[in-house]
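Trainee: Attaching a single structure in structure tokens format; questions to follow.
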Amino acid sequence: MKSELDKIIKLLGSIDQKLQLFTDDSEMEGNDENQEKSWSNTSTEIASLEKKLEQSRSRLLHAGKMSSLGSLTAGIAHELNNPLTWVKSNLQIIETKYMDRLQKFVGVVEKVISSEDLESLDEVRQILTGALNNYKIKYIVEDMRDMSVENQEGVEKMKKIVSGIKSFARNEDEDIGECSLVDAVESALTIGYNQVKYVAEIIKEYDDPSPSCMGSSSKLSQVFLNLIVNAAQSMQLEKNKDPEMRGKLWLRVKSNDEKVIVEIEDNGTGVSKRIRNKIYLPFFTTKKSDAGTGLGLHIAKQIISEHQGTINLVDKKGKGAKFVIGLPVIE
Ligand SMILES: Nc1ncnc2c1ncn2[C@@H]1O[C@H](COP(=O)(O)OP(=O)(O)O)[C@@H](O)[C@H]1O
Ligand SMILES: [Mg+2]
């Protein structure tokens with residue numbers, strides 16, 4: 001991230017130099033032909049520098065995305081580990097305990113079938129009932145059915161997390177198209193979930209079917225993740241002051257004739273009037289260095305502008321912050 005910034009700063013420096021030359025040239029007296037050549041050279045160089053700047057900016061966005069993914073890795077691993085642990089433990093019980101008993105029961109049944117010296121049906125019944133009870137077969141079958149449902153749920157959970165990460169980390173260039181805003185919010189939530197779940201109840205209000213817009217769903221997910229993490233951090237601050245405080249995170253996706261609207265609202269500290277006009281500035285942060293880089297909202301604003309959208313912090317009566325994002329509907 002730092003090297004990207006160094007590059008951008010260098011580029012800005014050389015653009016500044018070129019502009020200086022350009023101004024100096026224009027002030028110099030001399031023949032028109034030379035001046036025209038010099039202008040044309042300078043403007044080609046400026047165009048090339050602008051292109052480089054654009055490339056660096058886009059690399060910076062990607063680096064920002066990967067860095068937020070990196071800082072949330074431990075939480076994601078934890079979320080994956082939960083279902084993994086219970087699926088593994090279920091499979092272990094089936095393999096080490098239940099399979100053995102079922103095999104033994106099958107052995108008894110086979111013995112009964114092939115036996116020639118059983119005298120009555122009653123005796124057969126007695127042996128089979130004894131084996132059923134002895135090996136707790138009914139209980140095993142019922143428990144295995146429950147375990148199978150649990151395992152299915154666990155695998156679905158893991159699948160959702162993995163596909164959330166995949167769609168978040170996707171290369172933006174391949175990712176432009178119609179994107180479902182509910183999917184983009186959900187993918188962000190999957191990645192930030194571990195940050196939120198201990199501090200807040202999540203309230204989802206999604207229009208069905210999900211509103212869509214044109215753009216990059218992985219970049220939009222990056223915006224939503226930045227807002228969700230900010231909300232979680234702010235509610236955590238409130239919780240530090242008052243452990244009884246019940247955090248609430250509202251995620252809304254709706255649309256009208258002109259706009260798709262995504263709202264991310266919390267009941268955390270709120271943003272004081274004093275800093276409201278600074279929050280989108282690069283590197284502006286009120287957090288300790290390990291919690292914030294001050295790039296989250298800056299990057300969010302850039303991405304939303306690229307999508308011809310708007311992002312606004314809405315004044316909330318009472319406590320908390322509410323960010324409202326408007327994006328153009330697909331014509
Ligand atoms: N939901 C929120 N609640 C309270 N303050 C917020 C919220 N979102 C952003 N802020 C304020 O805006 C600042 C800038 O946010 P951001 O650009 O994401 O940087 P960072 O989170 O790294 O500090 C934060 O440091 C914080 O003061
Ligand atoms: Mg942030």
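Trainee: Looking for something farther than 24 Å from Ile165 by Cα and within 16 Å of ligand 2 (Cβ to nearest atom) - is there at least one such residue anywhere in segment 288-304?
Mentor: The first filter runs over segment 288-304 and keeps only residues farther than 24 Å from Ile165 by Cα, leaving 288-289.
Now narrow it down to the ones that are within 16 Å of ligand 2 (Cβ to nearest atom): 288-289.
Taking every residue of segment 288-304 in turn, at least one turns out to be farther than 24 Å from Ile165 by Cα and within 16 Å of ligand 2 (Cβ to nearest atom).
Trainee: Might you let me know whether segment 305-312 holds any residue that is acidic (Asp, Glu), more than 10 Å from ligand 1 (Cβ to nearest atom) and in a helix (DSSP H, G or I)? Full working, then the answer.
Mentor: As a first pass, look at segment 305-312 and keep what is acidic (Asp, Glu): 306.
Those left that are additionally more than 10 Å from ligand 1 (Cβ to nearest atom): 306.
After this cut, where a residue has to be in a helix (DSSP H, G or I) as well, the list is 306.
The answer is yes; a qualifying residue exists.
Trainee: Let me ask you something else. Mind counting the residues in segment 166-210 that are part of a helix (DSSP H, G or I) and either at pLDDT 90 or above or crowded, with 18+ Cβ neighbours inside 10 Å (or both)? Let's see the steps before the verdict.
Mentor: Within segment 166-210, the subset part of a helix (DSSP H, G or I) is 166-169, 172-174, 181-196.
Right, trim to either at pLDDT 90 or above or crowded, with 18+ Cβ neighbours inside 10 Å (or both) and you get 167-168, 172, 181-196.
The total comes to 19.
Trainee: Are there any pairs, at least 6 apart or on different chains, whose C-beta atoms fall under 8 Å, with the first in segment 249-278 and under 25 Å from Gln308 (Cα atoms) and without any contact (Cβ under 8 Å) to a residue 40 or more places away in the chain and the second part of a strand (DSSP E or B) and not acidic (Asp, Glu), and if so, which?
Mentor: Arg276/Leu313
Trainee: What are the residues in segment 225-250 that are buried (at least 23 other Cβ atoms within 10 Å of the Cβ) and either away from ligand 2 (no atom under 12 Å from the Cβ) or assigned to a loop (DSSP other than H, G, I, E, B) (or both), if any?
Mentor: Met235, Leu249
The values are calculated or read from the model by the stated rules, or taken from the named source; none is laboratory data. In this text the structure is predicted, and so the values were computed from the model without any measurement. Glycine gets a Cβ as well: all are built from the backbone with ideal geometry, and neighbour counts include every protein chain shown.
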